[in-house]
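Have a look at the structure below, then the notes.
The values are calculated or read from the model by the stated rules, or taken from the named source; none is laboratory data. Being a predicted model, the structure only gives us computed values, none of them experimental. Here Cβ is always computed from backbone atoms with ideal geometry, including for glycine, and neighbour counts include all displayed protein chains.
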Amino acid sequence: MSKIEVNTVAPQCGTTLTLGESGDTVTLGAGATQSGFGRSGSVNWQTTKKTGNFTAADGEGYFVDTSSGGVTASLPAGSAGAIVSFADYTRTFGTNALTISPNGSEKIGGVADDASLTVDGQAATFVYVDATEGWVNVQNAEDTETGAAFISATGGEITTCGDFKIHTFFGPGTFCVSSGATLAANNEVSYMVVAGGGGGAAGSTPAHGAGGGGAGGFRERKSAIDTYTASPLNGATPVTVTAQGYPIVVGGGGPSGPGCANARGTAGTNTTALGITAAGGGGGGGSGAAPFTAGGQGGSGGGGSSEGPSPCGTNPSPTGGGSGGQGNIPSVSPAQGFGGGYGMNGPAPSLTTGGGGGATTVGANGNPSSANGAGGSGATTGINGSSTTFSGGGGGGGTVARTTGANGGPGGGANGVSPNSSGSAATVNTGGGGGGGGGGPPVGSVGTNGGSGIVIIRYKFQ
């Protein structure tokens, strides 16, 4: 091994001195230190990301992935001019921090303790200065993510509420996401999906009234970052959207049963959006022969009529009136609705009708000592920017014994009354059940239509 001992090496010509040739490595001897070369302030970035605890080396930069949990980076022993850098690989420091731990009793920013990077997209560079201050953060960048921080989308009727955008679909359409958010939490949307309510059935002559329609199924999910007051039924499947079109189908309300005996009100139709389905409400039970006197099943069940067979069904009458239809069909969690109330079949004055089920309570049973059954209560939510109730059950129709029909649940149709008059239909785009028709004389009145459904999608846009 050759050895050259000189005090100064100078270029023979010009002012540029070259050590080594292309591909060579120039190394200081063990224990030797450099002086005068200085440091450019940059580091050599290691492109293999760090996912667990590690020890940093002088002159290196690291991309750190904390998506699965917090990570600790231990600093090397400090020497004047030593430099290390860190960057948020997955922009998750805000959820799982990067902890930077000094060597032994050394300091970071004059404090002998750990430092933490806790901002999504944060990057920082530390240089060791001296024993007094230790490692000093000389360059800090926060929120370095690129692209849009929020969802961009079109479709439906668009309104805003504070930092949130609301898309309301009163009929079919497409929720079209043109671009997603770089921050994952902002891609989860809040939603409410409500199906069409069932129609109330027709009353008959000479005496019997019909059951109220069941409300359309109600499903809601409030995202983790949203701020409105949700209904008690909040908790359906979370939905994270990507850049694509999402078809929206809004179910119609079921028509009333025809103005004759032996016919149940028509069920409402399903509403689908974002892969979520709410089931149409069951039709109210009609006057006449079984099985049409029983309320139909659905998102919420229809109420039973005052005329019926021997006790049967999921909510049978003790006097043989029509049973209430079952709710939450098909079964989901939280339940999308409840069952209808039963009717009672005499003798007079015990002819009473059942109310349709609502989103949060069952429809009331016919009660010979009081009245016909009221519709079940709907669900109240602030997803559209104001406190609004959806999916109330329709009230049971009047009978010859109880000439006034029952009230519909909030959002549901008004009652049918006797003689010879119909209740009002449920309000459109509420998912309410239709009110039942009244009994005669001289003839029974037809029931009323269920309300159509609705879809509301909400997300943070600023």
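Listing for the model above:
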quantity	calculated
Restricting region 309-336 to residues that are small (Gly, Ala, Ser), surrounded by 24 or more Cβ atoms within 10 Å (Cβ to Cβ) and on the phi < 0 side of the Ramachandran plot, the residue that is modelled with the highest pLDDT	Gly327
Whichever residue in region 71-90 is closer than 15 Å to Asn140 by Cα and not aromatic (Phe, Trp, Tyr) and, among such residues, is surrounded by the most Cβ atoms within 10 Å (Cβ to Cβ)	Asp88
Total residues in region 39-79, condition in contact with an Asp or Glu (Cβ under 9 Å, 6 or more places away or on another chain) and of a type in the set (A, V, I, L, M)	5
Restricting region 198-251 to residues that are hydroxyl-bearing (Ser, Thr, Tyr) and over 18 Å from the mean Cα position of the chain (by Cα), the residue that is surrounded by the most Cβ atoms within 10 Å (Cβ to Cβ)	Ser204
Given (1) polar (S, T, N, Q); (2) at pLDDT below 90; (3) more than 23 Å from Val136 (Cβ to Cβ), number of the condition Ser68 does not satisfy	(2)
Hey, Gly197 closer than 14 Å to Val455 by Cβ, part of a loop (DSSP other than H, G, I, E, B) and touching a residue at least 24 places away in the same chain (Cβ under 8 Å) or not	no
Test: residue in region 104-114 that is among the polar types (S, T, N, Q), surrounded by 14 or more Cβ atoms within 10 Å (Cβ to Cβ) and more than 30 Å from Ala279 (Cα to Cα)	no
In region 80-112, the residues that are part of a loop (DSSP other than H, G, I, E, B) and either within 25 Å of Ala185 (Cβ to Cβ) or touching a Pro at 6+ places or on another chain (Cβ under 8 Å) (or both)	Ala82, Tyr89, Thr90, Arg91, Thr92, Phe93, Gly94, Thr95, Asn96, Ala97, Asn103, Ala112
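Conditions tested, residue by residue: (1) surrounded by fewer than 19 Cβ atoms within 10 Å (Cβ to Cβ); (2) part of a loop (DSSP other than H, G, I, E, B); (3) acidic (Asp, Glu); (4) not assigned by TED's automatic domain parsing to the domain that holds Val241.
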| position | (1), (2), (3), (4) |
| --- | --- |
| His167 | no, no, no, no |
| Gly171 | yes, yes, no, no |
| Cys176 | yes, no, no, no |
| Ala181 | no, yes, no, no |
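For (1) surrounded by 15 or more Cβ atoms within 10 Å (Cβ to Cβ); (2) modelled with pLDDT of 90 or more, each residue gets a yes or a no:
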site	(1), (2)
Asn96	yes, yes
Thr99	yes, yes
Asp120	yes, no
Val138	no, yes
Thr146	no, no
